[in-house]
Each structure stands twice: as structure tokens, then as C-alpha cells.
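To keep things clear, I will list the structure first and then write my remarks on it.
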Amino acid sequence: SCGPRRVLRHNPTSMRVFSGIQPTGRKHLGNYIGAIRQYVVSQERAVQAGDEAIFCIVDLHATTVAYDPPVLRERLYDTAAVLLAAGLDPDRCILFRQGDVPEHTELSWLLSAVTAHGDLNRMHQFKEKSAQQRELISAGLFFYPVLMAADVLAYRAGEVPVGDDQRQHIELMRDIAERFNARFGEGLLVVPEGRIPEVGARIMDLQEPTRKMSTTVGTDEGRVYVLDEAKVVEKKIKRAVTDSEDPPRIAFDPEGKPGVSNLLEILAVCRGTRVGEAVASLADARGYGDLKAATADAVNAELGPVRERYAELRADEDALEATLAAGADRAREIAAPVLADVRAAMGVGPAVRQRA
Ligand code: TYM
């Protein structure tokens, strides 16, 4: 690139989309409904707006808790294949592996200069995850939200599709971007906004519907995996905890009826309707069994085609590698000039010579 870098050239209401997903565990219905489905919608919106949608499988974040290196690689391919099977299209978005783009780690260090230690100390996810660690609580776990901020800010993304549990991390990355701009130059970084779906942002555990569905807490009975066979999905949903109201009442009331409301949200999202319509469709139901049967059918209708495409995609690791490598090249093309701006503004490295 040539000429002086004019930091104010960036559109503050950027339609550029960025999101990240961990390659740990098997992806569950919470990940699918809260995030993966939204990625596909965002991909189309970004294409329409003539901007990029960028999706990153965050292998570096996965090293912040105990893990097995060969398993990490396997899970990375699993996750890439799930994302592609769900509808991410390398011709319409950028899909890559975090560790392939060193701009993320460099920016995370640079951003640490404007990140308050006290803010990191207040992160719920750090508190929860560090409480679960039986051995080392790594410094990486503490620093996790700064790397996450760097993921997004390196692309000057405006929109970050995530589930409800990432709210606090989004707030922090906004604070970091604002503090960075105030300190080093207005408009240098884009202050991103979270895009959290109205319905399905917090899918609950089927066995403990007052807790979110999670890879690390709860049992397999409480989570539906994207790759569970249809019969398994049916069994898990049929055994979902509801309530003992007598007579049974199918109503949306997350506080009073968390189990029933969770199933209604899942049903509505998978059918592509509103929760009210899902409730109305069950007006003649004789009990929660009908709600469960309808939900299991809707989930299998949604996930069936994903499972089929997954099997084909996962089988070809070379093709997955090629997709990720091409994505990383495109990602670096966007992130490298942002890093150059950040380094220059911070006085890191040699002065950038500006041409007349
Ligand atoms: P991760 O991998 O834990 O989860 C991926 C996405 O799934 C959403 N999610 C849920 N949504 C609804 N109901 C649930 N029960 C549920 N459980 C998980 C999460 O909100 C998330 O959107 N820190 C991130 C990864 C990340 C990232 C980023 C995200 C790294 N860098 C930059 C956005 C931007 C995480 O651990 O997601």
C-alpha cells in the first residue's frame, strides 16, 4: 500500500462480520442455534452489503485449558467440517484457523497496553473456567478475552454474531477499542457490536434447564450434539426435564417454566417461526410428549442434512486444510494493514516512511 494511512477512512458502521468458535468438544445445539446458524445468516448479509464475513476456528484459545495436542487437531477438522456442512461457503466468507494468522497474537499483546487488569479479573468465564481447572490455571485463561478482542479488532469488524454467554467479552472488546482509539487515535479501530439472536441465544441443558447447554458442564443426556444420530436426538429430547404442572401447560415462561420454554425456543428456531406460533401449533397437544415429539422432529429436520454433508466433508482432511489455508491468506490480507496502523500509532517498530 502507498500514501499516508488516513485512519478516519474506516466506516464506523462497518458491515464486516467476524466471529470465532472453539475447536473443543463436539458442537452442540446451543452452539448451532446461538451461533453457527447466525453465521450463515451474517454471511449472506455481508455478501449483500459487499463486505466480508470472517469466521475463525480459535485453536489458540483452546490451549488455555488442559488439552491433548493430537485431539486438538482432530477437533479442529471436526469444527471446520461442521461449519461448512451448516452452510458457510468459502466462496462467500473467509473461514480460517486462528493459529495461521499471527496478527491475532501480536495484536493481543499490543491491546494489553489498554486493557485493565481489573476488567479481566471480573470476567465471569474466567471465574467459571478457573474454578473447573483441577491443575494449572493458566495465564492464558486470564488473558483469553484480550486475544478474543484482537480476533475481532484486527479486521475492523462491526458485527459479531455470538450467543448470550459472550456478552461480557463483547463489552470488554468494545471498551478496549474505545480506550485504544482515545489513547492512540480516533477511528483507528472499529468499536464492534455483538449480534445476539432474540430467540435461541441461550439454549439450556435438557436435564437442568436453568443452566445453559455447555460442553464442559453437565452430562451427555443434557446436550444434543449436532452430529447425534436422529434416534439419539429423539431419545434425549423425550427425556428432557419439563415441569409437573397439572394439567400440563405449554406456555412460554422462561422463569416459571424453563424446561418447556427451552423446548419451545428450540422448536421455533428449527421451524423458522416465532415462539408464539410454536405455542399456537401445540394448542391441541395432550401433554409435554407432543411438544417433545414436535421438537425432536424439527431438530432432526434441521440437523439431518448437516450430518449428511458433514460425513462427506470430514472425510477429506486435505480439502479442509486447503480451505483453511486459503482462508488464512485472505484473513492476513485484511489484518496485516490494520496491524501496521496499530504499530505505527503506538510507536512500535521503525517509523513508517510516508510518501509525498
Ligand atoms: P464457544 O466456542 O464456546 O461457543 C461458540 C458460540 O456458541 C455460542 N453458545 C451458545 N449459544 C446459545 N446457547 C448456548 N447454550 C450456547 N453455548 C455456546 C457462544 O456464545 C459462541 O458464540 N470465546 C468464544 C470464541 C471466540 C470468539 C472470538 C467469538 C474467540 N474469539 C471472537 C466471537 C469473536 C467461545 O468460547 O465460543
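Nothing in this text is a laboratory measurement; each read-out follows from the coordinates by a stated rule. All of these numbers come straight from a predicted model, not from anything done at the bench. Cβ atoms come from the backbone with ideal geometry, glycine included; neighbour counts cover every protein chain shown.
Listing for the model above:
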item	result
Phi-based couplings in Hz for segment 169-178 (Karplus 6.51, -1.76, 1.60; Gly and Pro marked x)	5, 5, 4, 5, 5, 5, 4, 5, 5, 5
Cβ-based exposure ranking for Lys235, Lys27, Lys127, in which fewest neighbours within 10 Å come first	Lys127, Lys235, Lys27
Residues Asp329, Asp246 arranged by fewest to most Cβ contacts within 10 Å	Asp246, Asp329
Built amide H within the under 5 Å cut-off of Gly194, gap 5+	Val160
FRET efficiency, Ala340 to Asp175 (Cβ-Cβ, R0 22 Å, nearest 0.05)	0.40
Estimated 222 nm signal from helices in the chain, with DSSP H stretches of n ≥ 4 weighted -39500 (n - 2.57), rounded to 500	-16000 deg cm²/dmol
Residue pairs, from the table Lys129/Lys236; Lys212/Lys257; Lys129/Lys235; Lys127/Lys236; Lys27/Lys238; Lys257/Lys292, whose Cα atoms sit over 22 Å apart	Lys129/Lys236; Lys129/Lys235; Lys127/Lys236
Label-point separation in nm, Arg45 to Ala293, each point 7 Å along Cα→Cβ	3.7 nm
Prolate/oblate/rounded call for the chain, Cα gyration tensor, a/c under 1.5 rounded	prolate
³J(HN,Hα) computed for each position of segment 98-109 - Karplus, 6.51 cos²θ - 1.76 cosθ + 1.60, integer Hz, glycine/proline x	3, x, 7, 10, x, 4, 5, 6, 5, 5, 4, 5
Stretchable slack from Glu308 to Thr216, in nm (0.36 nm times residue separation minus alpha-carbon distance)	30.5 nm
Residues with amide H under 5 Å from that of Ile94, placed H, sequence gap 5 or more	Ala53, Ile54, Phe55
Inter-part distance where segment 191-230 and segment 303-356 are each reduced to a Cα centre, Å	28 Å
From phi via Karplus (6.51, -1.76, 1.60), per-residue ³J(HN,Hα) for segment 197-205 in Hz, x at Gly/Pro	x, 5, 10, x, 6, 9, 7, 9, 4
Cβ-Cβ FRET estimate between Ala283 and Glu198, R0 fixed at 35 Å, reported to 0.05	0.95
Least to most buried among His124, His28 (fewest other Cβ within 10 Å first)	His124, His28
Long-range HN-HN contacts of Lys212 with modeled amide H, under 5 Å	Asp205
DSSP-defined antiparallel bridges as percent of all bridges, the chain, nearest 5	15 percent
